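**Student:** Structure provided below as structure tokens; questions to follow.
The values are calculated or read from the model by the stated rules, or taken from the named source; none is laboratory data. For clarity, every value in this text was computed on a predicted model and none was experimentally measured. Positions of Cβ are generated from backbone atoms using ideal geometry, with glycine treated the same way; all protein chains shown enter the neighbour counts. Keep in mind that these areas ignore ligands, DNA and RNA; they rest on the heavy atoms of the full protein, side chains included. Shrake-Rupley method; radii C 1.70, N 1.55, O 1.52, S 1.80 Å.
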Amino acid sequence: MRFFADQTSRFRPLGRNDIGHSEMPNRLPPALFAVVLAGFLPACSLLPGTGPTSDAVNSNAAAGIRSSAPLSYALVDVSSDTIGFLSQPNLITLKGAFPDKRPKPTQVVGVGDILNISIFEAAPGGLFTPGTASGARPGNFVDLPPQAVDQKGSIYVPYAGEIPAAARTIPDIQQAVVGRLRNRAIEPQVVISLNQQHSSVVSVLGDVNAPGVLPLNSVGERLLALIARAGGPKFEAVESYVTLQRNGQRVKVLLSHIVHDPRENVFIRPNDVIFITRESPTFTALGALNQNIFGFNSEIPFDVETLTLSQAIGKAGGLSDVQSDPGEIYVYRFEDRGFLEKLGIDTTRFILNKVPTIYHINLRDPSGLLLASGFQMRTKDVLYIANAKVVDYYKLLTLINNTTSTVRNVNSAVHEVAAPIN
């Protein structure tokens, strides 16, 4: 018995009277369905794609770890209770990391430094100055050959012997030499000056125009002065970070913050390392934003030293009027444990010092924009705008409509194929 398919997708027996019936073009034999289906399934592997499917990735794995456990995070509502903490830029400061209330560091002599030494006596005919009969002299003094501080930290002065010099100031060394010569020379006086400095140096590296090792002067130098001596930064201050390394501790600060806050222009100490890097602060914008409709990049630079949430939303093109839920604005970041404890959050459940944190703000509240104008964004933050709940309903209707249209188009194509049968 043969069958044919009617428009209700049910099959009924095909009798003799059905042959040549006027409804034949609207009916498709099951054999034709099988042929179309057999040709369609292999073609799925030929469709365009950007990479392997999830099924291919899962089935071809030889080993791995699969877990459905969610990541624990802290959820903080941006409100009048919390905005006081969140409106302050959480900037790491040099003055906080390297507190030094002295006006400048005391310069000391180190191994490798080369010193000039002049010895004066009160009258000719002394230990270092011959009598007047030996010839005219410009004065009762003698200049010794430049003395380098050796690996033991000492210099050698004739008739004074080995003088410890490393880690001592120049006045201390002068007094030590005078003490050794007091009973031998005529009222000796000693003047020592720095000829070449090799121990009190600072390395300035990275994105500066003239990187290198620079000696510190005797009056003490601040951070910006050393950067200027290295030729200055290659890029704008708002996108240049300064990393100061001292005694195993490293602190990174935005260069524009140092320029705008004189307290951050700290004194530099010997053997400090200053590293300049170009790292433009950016945030990532995702979700129901106009920037996604217009095709803008999702990673957006700050272009300023500090950026508020309202400014970030504006940079991302604003909320999508037909898609977004203004009451569901989120900012994702890894927050310091100590900062969350200041907000009154119990952090005992978290192991690491960086706690996954989601900040929520409601722009349906009339005060929401004021709160957003105070909320400070940080580099690498993720801004996410949730869809309105009705959007899922629209998506379902669109899917149903597209499916119906596809079925209608396939039915029309089948009719065209079946038409020559008549």
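**Student:** Between Thr93 and Val382, what is the spin-label point distance in nm, taking each point 7 Å from the Cα along the Cα→C-beta axis?
**Tutor:** Placing both labels 7 Å along Cα→Cβ, they lie 3.2 nm apart.
**Student:** Distance cut-off 31 Å, Cα to Cα: go down the list Lys95/Lys234; Lys252/Lys389; Lys315/Lys389; Lys95/Lys380 and report the pairs above it.
**Tutor:** Exceeds cut-off: Lys252/Lys389.
**Student:** Give me the 1.4 Å probe accessible area per residue for segment 322-422, excluding ligands and nucleic acids, in Å².
**Tutor:** On a per-residue basis, segment 322-422 sits at 63 Å².
**Student:** Then there's this: Over segment 240-325, what is the relative contact order in percent, taking alpha-carbon pairs closer than 8 angstrom and at least six residues apart?
**Tutor:** This gives 26 percent for segment 240-325.
**Student:** Taking the solvent-accessible surface of protein heavy atoms with a 1.4 Å probe, what is the per residue accessible area of segment 151-257 in Å²?
**Tutor:** I get 51 Å² per residue for segment 151-257.
**Student:** Related question: Report the extension gain between Arg337 and Arg349 in nm, rounded to one decimal, defined as 0.36 nm multiplied by the number of residues separating them, less their alpha carbon distance.
**Tutor:** Result for the pair: 3.2 nm of gain on full extension.
**Student:** Which whole-number percentage describes the relative contact order of segment 289-379, with Cα contacts under 8 Å and a sequence gap of 6 or more?
**Tutor:** Relative contact order here is 37 percent.
**Student:** Shifting gears a bit: For segment 165-216, which whole-number percentage of the solvent-accessible area (1.4 Å probe, protein heavy atoms only) is attributable to carbon and sulfur atoms?
**Tutor:** Roughly 47 percent, rounded to a whole number.
**Student:** Here's something else I'd like to know. On the Cα set of segment 285-405, report Rg and Dmax in Å, please.
**Tutor:** 17.0, 57
**Student:** With a cap of 14 neighbouring Cβ atoms within 10 Å, and only residues DSSP puts in a loop, list the trypsin sites (Lys or Arg not before Pro) found in segment 187-277.
**Tutor:** Those that pass, being in a loop and sparsely packed, are Lys234.
**Student:** Moving on to the next point. Which FRET efficiency, nearest 0.05, do Ala56 and Glu416 yield, Cβ-Cβ r, R0 45 Å?
**Tutor:** Efficiency, rounded to the nearest 0.05: 0.80.
**Student:** From largest accessible area down, sort His260, His360; use a 1.4 Å probe on the protein chains.
**Tutor:** His260, His360
**Student:** Report, in debye and to the nearest 20, how large the dipole of segment 304-384 comes out about its Cα centre when Lys and Arg carry +1 and Asp and Glu carry -1 on their Cβ.
**Tutor:** In total the dipole reaches around 260 debye.
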